[in-house]
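Report on the following structure.
The values are calculated or read from the model by the stated rules, or taken from the named source; none is laboratory data. It should be emphasised that the depicted structure is a prediction, and the values quoted were computed from it without experimental measurement. No Cβ is skipped: glycine too gets one built from the backbone with ideal geometry, and neighbour counts run over all protein chains shown. What goes into the accessible areas is simple: the full protein's heavy atoms, side chains included, and nothing from ligands, DNA or RNA. Shrake-Rupley method; radii C 1.70, N 1.55, O 1.52, S 1.80 Å.
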Amino acid sequence: MLKYAYHNLLASPHFPSALPKQKLEEAKPACETAHQEILADRSADILGFYNLPETDITHIKGFMAKLDPRFDTMVVLGIGGSALGNKALYSALKTERELPRKLFVYDNVDPVYLHEILASINLDTTIFNIITKSGTTAETMAGYMILVDIIKKKFPNDYRSRIVITTDKEKGFLRQVIKDEGYASFTVPDNVGGRFSILTDVGLVSSAFSGMDITLLLEGAAAMRNRCSSMDIMNNPAYLNGLIHFLYYRQGKNISVMMPYSNSLYDFADWYRQLWAESLGKRKDLKGRDIFVGQTPVKALGTTDQHSQVQLYSEGPNDKVFTFISVESFKHDYTIPNLHPDREEVSYLGDKKLSELLNAERFATEIALTSAMRPNCNIIFPQIDEYHLGEFIMLYEIQTVFTGKLLHINPLDQPGVEAGKIATYALMGKEGFDEERAEIEKYKQEHGLES
Ligand code: PA5
């Protein structure tokens, strides 16, 4: 079970200026309302991610069982919620598990990055999984057209077996392509938004392909969902962490730093960054009033960023809440040999495990930040495996929705992303965007930019 150590978030003799526990008591009515709203949304089938642990995954297992064994690599094409979860799970487990199959995630439109991926794979043993809920995202569509063209030319007779598409069950251009071409396909459920979709086919297919135990992942998620079902915030880590972050945000702590002390979990800080930013960064409240809210999520890596960021964290503006992620037991470890027993500069490290040093440094950073009156907590993984990752995912998804309720915003939409998408369509000549194109031309002239 994941542990949540939050003592440095609340006031104590060591940290008198932290949040008084009394504030949690005072927030009880707001929490009760948020909880009721979540229950109502769940009854209205809006928060589909809560029920994902019970989803039938036999179609994924069936697909894997029938998959040609020559495929040893998958390339996922997707972006945002259709990519970050795949990356995070794979990075977390690829060394822990020595996963038998490789995964690459192409989640940009950078041509050099695409070249790098193509240069690293054997096309003959690679399967491509195009993931897009809307089926219209420019970045993913561009990659799809390039890669499918390459595959069709190279394997004119069996290109279909090398392409899988994950999209809406009915809507969108790609669903039509699936019908026309007969590609294998998976579905993104209607009631699960992109950044909450890691435990749908979006994240599970590539995870099962690479060799993860997706049943265990869902079991971990179910356990955390059950642990976070109580209205009593002291017994609900998602609500408690959400409430504390909300209260600190109201006190001006505008930044939430997630700092795993594990390279394997670093991409999960990226996954969290999207979840927290896109869900909570909102202009309007539920009544349509301008409120401009949202805590900026930042990722950092322990110990690496102790030599880059911690100076700012401990002495810079006191505007951050810190979340360490630590691991108790690592799959691989090394003992530091006592190469220089007579040199005090390094002999203290001799015969210690690397993991001991790593966790000591995390604790040292905790002590340093606490003495500098910087609120911090620690999410502790007993070990990195599917079960604990499932717990982590569900913890943060519930926490995000709960915090959205406290902020009185809709954590499930992303209207601010639309403006950029529309401008891209206009710039790239998509039909139906003439007005926007004319606006952009005007902007270019005003700023002396080339047409
Ligand atoms: O969380 C979200 O909804 C977004 O980040 C989407 O996942 C992202 O924009 C990609 O969308 P799509 O899956 O439709 O291509």
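Structure data summary
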{"read-out": "Of residues in the stretch 295-334 being in contact with a helix residue (DSSP H, G or I) (Cβ under 8 Å, 6 or more places away or on another chain) and free of Cβ contacts under 8 Å to residues at least 24 places away in the same chain, the one farthest from Met1 (Cα to Cα)", "value": "Tyr334"}
{"read-out": "Residue within the stretch 44-54 that is in contact (Cβ under 8 Å) with a residue 40 or more places away in the chain, open to solvent by less than 50 Å² (accessible area, probe 1.4 Å), more than 30 Å from Phe246 (Cβ to Cβ) and in the same structural domain as Lys133 (by TED's automatic domain parsing) present", "value": "no"}
{"read-out": "Contacts under 6 angstrom Cβ, first residue in the stretch 242-258 being in a loop (DSSP other than H, G, I, E, B), partner open to solvent by less than 30 Å² (accessible area, probe 1.4 Å) and of a type in the set (S, T, N, Q), 6 or more apart", "value": "Asn254/Gln295"}
{"read-out": "Glu37 being more than 30 Å from Arg101 (Cα to Cα), open to solvent by 80 Å² or more (accessible area, probe 1.4 Å), among the acidic types (Asp, Glu) and in the same structural domain as Ile367 (by TED's automatic domain parsing)", "value": "no"}
{"read-out": "Residue within the stretch 433-447 that is surrounded by 13 or more Cβ atoms within 10 Å (Cβ to Cβ), of a type in the set (Val, Ile, Thr), outside the structural domain of Glu328 (by TED's automatic domain parsing) and touching a residue at least 24 places away in the same chain (Cβ under 8 Å) present", "value": "no"}
{"read-out": "Residue among Arg162, Arg195 that alone is of a type in the set (Lys, Arg), open to solvent by less than 20 Å² (accessible area, probe 1.4 Å) and within 16 Å of the ligand (Cβ to nearest atom)", "value": "Arg195"}
{"read-out": "Matching option when the condition is over 23 Å from Asn378 (Cβ atoms), under 21 Å from the mean Cα position of the chain (by Cα) and among the acidic types (Asp, Glu), among Asp107, Asp45", "value": "Asp107"}
{"read-out": "Residue list for the stretch 210-241, filter: of a type in the set (Ser, Thr, Tyr) and either in contact (Cβ under 8 Å) with a residue 60 or more places away in the chain or assigned to a helix (DSSP H, G or I) (or both)", "value": "Ser210, Thr215, Tyr239"}
{"read-out": "Scan of the stretch 77-114 for residues that are open to solvent by 20 Å² or more (accessible area, probe 1.4 Å) and closer than 16 Å to Thr137 by Cβ, ordered by number", "value": "Ile79, Gly80, Leu84, Asp107, Asn108, Val109, Asp110"}
{"read-out": "Leading residue by the ranking (least open to solvent (accessible area, probe 1.4 Å)) among those in the stretch 165-183 that are within 12 Å of the ligand (Cβ to nearest atom) and assigned to a loop (DSSP other than H, G, I, E, B)", "value": "Asp168"}
{"read-out": "Selected residue [touching a residue at least 12 places away in the same chain (Cβ under 8 Å), at negative phi and within 14 Å of the ligand (Cβ to nearest atom)] from Ser264, Ser279", "value": "Ser279"}
{"read-out": "Residues within the stretch 166-201 that are touching a residue at least 24 places away in the same chain (Cβ under 8 Å) and either within 21 Å of the chain's Cα centre (by Cα) or farther than 23 Å from Asp56 by Cα (or both), tallied", "value": "21"}
{"read-out": "Sole exception among (1) over 25 Å from the mean Cα position of the chain (by Cα); (2) over 17 Å from Tyr239 (Cβ atoms); (3) not acidic (Asp, Glu) for Ala30, by number", "value": "(2)"}
{"read-out": "Evaluation of Lys133 against (1) more than 20 Å from the chain's Cα centre (by Cα); (2) part of a loop (DSSP other than H, G, I, E, B); (3) surrounded by 18 or more Cβ atoms within 10 Å (Cβ to Cβ) (one fails), failing number", "value": "(1)"}
{"read-out": "Any hit, the stretch 207-224, residues being within 16 Å of the ligand (Cβ to nearest atom) and either surrounded by fewer than 20 Cβ atoms within 10 Å (Cβ to Cβ) or over 29 Å from Ala44 (Cβ atoms) (or both)", "value": "no"}
{"read-out": "For Ile146: the one exception among (1) at pLDDT below 95; (2) more than 15 Å from the ligand (Cβ to nearest atom)", "value": "(1)"}
{"read-out": "Lys405 surrounded by 12 or more Cβ atoms within 10 Å (Cβ to Cβ) and more than 27 Å from Ile244 (Cβ to Cβ)", "value": "no"}
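Conditions (1) under 28 Å from Ile255 (Cβ atoms); (2) of a type outside the set (D, E, K, R), marked per residue:
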position	(1), (2)
Pro375	yes, yes
Asn378	yes, yes
Tyr387	no, yes
Ile393	yes, yes
Ile398	yes, yes
Thr403	yes, yes
Leu406	yes, yes
Glu418	yes, no
